[in-house]
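As structure tokens, the structure follows; a few thoughts come after it.
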Amino acid sequence: MADCVIERHPERVSLTVAMTVVTPDPAAWDAFVAAHADGHLLQSSRWGALKGRFGWKPHLRAVVAGETIQAGALALEKQRLALSALYVPRGPLFSGDPSIDALLLDDMIRLGRRRRAVFVRIEPNITEDDPRAATLHSFLLDRALQPTPPIQPRSTIHLDLTPEPERLLAGMSKGHRADIKRALREGVEVREGGTPADLDAFYAIMQATSARAGFAIHSLAYYAAVLELFGDAVRLWLAEYRGAPVATAMTAVWGAMAIYLYSGSTTEGLQCGAQHAIQWRAIQWARARGAVRYDFWGIPDALGQAAAVADPAARARLEAAAQHDPLYGVYRFKKGFGGITTRYLPAYDQIGMPLLYALWRQRVIG
């Protein structure tokens, strides 16, 4: 593997093949992430490069046998007052072999010590209903990691993209099918954006949505960097109505997963179903790119908990609580496309400096 910085750990050696921990070549790492069953855009080297421009320091680490990557992680470092915190978004990407995975975790902890990390947080991209979830949870507890709320949404909606488009439409709510048809009937046109003017239109709609709905957005430079760094893996969508942009979104495909990253709509866009039309176009684009699942990204966590609860009364209480969550309206929009509610494992912290931990997890990352 070209340009690797190799650290050898003699205490961790397979009976047949020596394992080493390296800083992998970014292209080789991205190929590994795209092919891994748990691979995610947030574990790509490009995500590290993006975050590196906006206050984080990326670290790529991989366990290799020869030149073959077995497991690894993108860790993001946030520095403050000569200390730091390390965060592994939607990762690490484990091998399933306890000895290899322990080697990776040990390397993450050593990295945290070298970087004077108050804590190291990992966020496995594994759902609670995954057959591996219980084993991984026990493994992490045995390694003295502490469960904690994740930074990325714990509950989401996944849409299976393998059915034909006609079946996908049939699986949507009646209202969503009607909104998609109405948008097309009323002349809403969805197109791919690629010019600086298109990015400006995207950002203006994002600003208007932020002011109306009260949520934070990134800077224009951040969104420009997403498009620059991810290239053909990301699409900027614009919906135009009566000659003016009224809704927008960015979606991505990484490996088998499509991801709904950002979106916004004007008041007029909400009234004409423009965002419904964008999502339908994005879903078809993702299928053509080879994605098999579409992640709608974030919903109230109470709904993720409710989906796994067998007791009707307990489930009803959670569903009632979710209706007071600011994301509940977003949930209704996302759920209407017919996906399945799912919930990830929590995050896990390895605490390096217990006396500073409570303060740092709130102010630096949380």
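For region 314-355 and region 262-278, compute the distance between their C-alpha centroids and round to whole Å. Measuring centre to centre over Cα atoms gives 24 Å.
Within the straight-line cut-off of under 24 Å between alpha carbons, the lysines reachable from K78 are K51, K57, sequence neighbours fewer than 8 places apart in one chain being disregarded. Taking every alpha-carbon pair within the chain, the share separated by more than 33 Å comes to 33 percent. Each of A170, W237, I151 was scored by the projection of its Cα onto the charge dipole of the chain, and the greatest displacement toward the positive side belongs to I151; charges sit on the C-beta of Lys, Arg, Asp and Glu.
Accessible surface calculations at 1.4 Å, restricted to protein heavy atoms, place region 224-338 at 40 Å² per residue. For the set R90, R212, the ranking by accessible area, highest first and with no ligand, DNA or RNA atoms included, is R212, R90 under a 1.4 Å probe. Note on region 246-315: antiparallel DSSP beta bridges, both residues inside, total approximately 75 percent of the bridges counted. Computed on the chain, with alpha-carbon pairs under 8 angstrom and 6+ residues apart, the relative contact order is 20 percent. Helical content alone sets the calculated 222 nm signal of the chain at -12000 deg cm²/dmol, taking -39,500 (n - 2.57) per DSSP H segment of four or more residues and averaging over every residue. Each peptide in 293-306, 101-114 gets a packing score, the mean of other Cβ atoms within 10 Å over its residues, and the list from highest to lowest is 293-306, 101-114. Using Cβ point charges alone (K and R +1, D and E -1), the dipole size of region 237-334 about the Cα centre works out to roughly 300 debye. Computed about its Cα centre, the charge dipole of the chain is approximately 800 debye, with only Lys, Arg, Asp and Glu carrying charge at their Cβ. Contact order, relative form, for region 22-91: 28 percent (alpha carbon pairs under 8 Å, 6 or more residues apart, mean separation divided by residue count). Once both labels are positioned 7 Å from their Cα atoms along Cα-to-Cβ, the gap between A316 and K181 label points is 3.5 nm. Rolling a 1.4 Å probe across the protein heavy atoms gives region 47-107 an accessible surface of 33 Å² per residue. Of the solvent-accessible surface of region 268-366, computed with a 1.4 Å probe and all protein chains present, 54% belongs to carbon and sulfur.
Accessible surface comparison of R363, R177, probe 1.4 Å, protein chains only, largest first: the order is R363, R177. Once you sort the root eigenvalues of the Cα gyration tensor of region 289-357 as a ≥ b ≥ c, which label holds: rounded (a/c under 1.5), prolate (a/b larger than b/c) or oblate (the other case)? The shape class here is oblate.
Around P300, under 15 Å between beta carbons, what's the net of Lys plus Arg minus Asp minus Glu among the other residues? Result for the local shell: +4.
In the P(r) worked out for region 96-249, what percent of Cα pairs fall beyond 22 Å? Looking at region 96-249, the distances longer than 22 Å represent 66 percent of pairs.
Within a straight-line Cα-Cα reach of under 29 Å, K335 can be paired with the following lysines, leaving aside sequence neighbours fewer than 8 residues apart in one chain: K174, K181.
Surface composition of region 103-246: carbon plus sulfur atoms contribute 53% of the solvent-accessible area (1.4 Å probe, protein chains only, all chains present).
The values are calculated or read from the model by the stated rules, or taken from the named source; none is laboratory data. Everything numeric in this text was worked out from a predicted model, so none of it was measured. Using ideal geometry, Cβ is built from the backbone for each residue, glycine included, and neighbour counts are taken over all protein chains shown. Keep in mind that these areas ignore ligands, DNA and RNA; they rest on the heavy atoms of the full protein, side chains included. Shrake-Rupley method; radii C 1.70, N 1.55, O 1.52, S 1.80 Å.
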